[in-house]
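Worksheet: the structure to be examined is printed underneath.
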Amino acid sequence: MQIKEYLKTKQPLLYQTFLNALKNNELSHAYLIVGETGTPLKETALYLAKSLLCDNPNPLACENCITCMRVENNQYADLIVEDAEEGQIKREDIDRIISTFSKTAVENKGKVIYIIHLIETLLPTSINALLKFLEEPGKDTYAILTTQNESRVLPTIVSRSQKLVLRLTPREDVIKECANLNLPSDDVELLSYFYNDANKIKDVISDEEYATTKECLNAYVSNINNKKDLLYIAESQVIKNITTKQQARVFLDMLTSVLEDVIRKKNGEKIFLTSYDKIINELAMAMPHVESSLLELITLRRKIDSNVSIPSIFEHLSIYLTKE
């Protein structure tokens, strides 16, 4: 994904805001990047970090210098990235940031940066530890925070940060861009729910983990109307193959996309997943409680960030979907 070109063409306000800040040396010590599911939050955060550290800025990151490459590969000593998609961010992770950045910078740039991706998932103890650090940042200390749900971010964090908003490109436009790249329509329809850029979707399609997740989804939605078969698929295929929190999020979000289309079909509206039209038609006719199932699915999706086990989430969901 060419993040600079993406920001320049599709997020001009964010791009120009940060460009002006660098040109005029008016950087904030904390940025909060806000975007819905599908927007490249983490990629944007990393690009802003590169722009602060780049050897050859113009004035944004060149992405080709040694420092930009080290940031990309998480090898820059004065940058810490905490990613909630890879696992729960704990109090000790925040303490590590505070301890590391309370000392003198290691690199010759003299700037220290920490990125916290999906800050809304932090536990209260972690947030409280971070707040004091945000209130009294060091001279060359920068925080880049991201969120998919600003309403779940403490107002005190929002007030201490400069907000940068990633606007969603209409899903129909993303699908058209993917068609111009001759990407498989079924993959495009699924992935356009998550990713707001055709080039990113192209990259993900070739990912083996995505292929496994999609295979599990296809087996699962094909058996929602059969309780015995669905419980078997959940145990023998989904639970067996969907093992990480990120995989579970993707699976549940894909399933959310299917159920949203089932509701659209029931309401006589246009659906996005035309490749799943037969299954969606069957579910629209035979699934009596699709609206409440969607709400339950969204609730369970939020529990992934807690200590609820992934198998128990899938077991509960499968029983709920097949209830009379």
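Annotations for the structure displayed:
- Some residue of the range 99-119 being in a helix (DSSP H, G or I), exposed (fewer than 13 other Cβ atoms within 10 Å of the Cβ), at pLDDT below 90 and not β-branched (Val, Ile, Thr): yes
- Unique residue being of a type in the set (Lys, Arg), farther than 24 Å from ASN199 by Cα and open to solvent by 20 Å² or more (accessible area, probe 1.4 Å) when the list is LYS4, LYS90, LYS10: LYS90
- Extreme residue, nearest to SER312 (Cα to Cα), among residues of the range 246-273 that are among the acidic types (Asp, Glu) and either open to solvent by less than 10 Å² (accessible area, probe 1.4 Å) or part of a helix (DSSP H, G or I) (or both): ASP253
- Residue that is nearest to CYS62 (Cα to Cα), among those in the range 1-40 that are among the β-branched types (Val, Ile, Thr) and not in a loop (DSSP other than H, G, I, E, B): ILE3
- On inspection, GLU92 passes the criterion of being under 24 Å from SER306 (Cα atoms) and without any contact (Cβ under 8 Å) to a residue 12 or more places away in the chain.
- None of ILE175, ILE205 is in contact with a helix residue (DSSP H, G or I) (Cβ under 8 Å, 6 or more places away or on another chain), without any contact (Cβ under 8 Å) to a residue 40 or more places away in the chain and of a type in the set (A, V, I, L, M, F, W, C) except ILE205.
- Scanning the range 155-214 for residues that are open to solvent by 60 Å² or more (accessible area, probe 1.4 Å), out of contact with any Gly (no Cβ under 9 Å at 6 or more places or on another chain) and basic (Lys, Arg) yields ARG160, LYS163, LYS176, LYS202.
- Summed over the range 9-27, the residues that are under 16 Å from VAL165 (Cβ atoms) and of a type outside the set (S, T, N, Q) give a count of 8.
- Flag for SER222 being open to solvent by 50 Å² or more (accessible area, probe 1.4 Å), under 27 Å from PRO170 (Cα atoms) and not aromatic (Phe, Trp, Tyr): no
- Search result, residues across the range 45-75 that are surrounded by fewer than 23 Cβ atoms within 10 Å (Cβ to Cβ), touching a Lys or Arg at 6+ places or on another chain (Cβ under 8 Å) and not in a helix (DSSP H, G or I): PRO59, LEU60, GLU63
- Evaluation of ALA129 against (1) crowded, with 17+ Cβ neighbours inside 10 Å; (2) modelled with pLDDT of 90 or more (one fails), failing number: (2)
The values are calculated or read from the model by the stated rules, or taken from the named source; none is laboratory data. What you see is a predicted model, and the numbers here were worked out from it, not measured in a lab. Here Cβ is always computed from backbone atoms with ideal geometry, including for glycine, and neighbour counts include all displayed protein chains. The accessibility values were calculated without ligands, DNA or RNA, using every heavy atom of the protein model including side chains. Shrake-Rupley method; radii C 1.70, N 1.55, O 1.52, S 1.80 Å.
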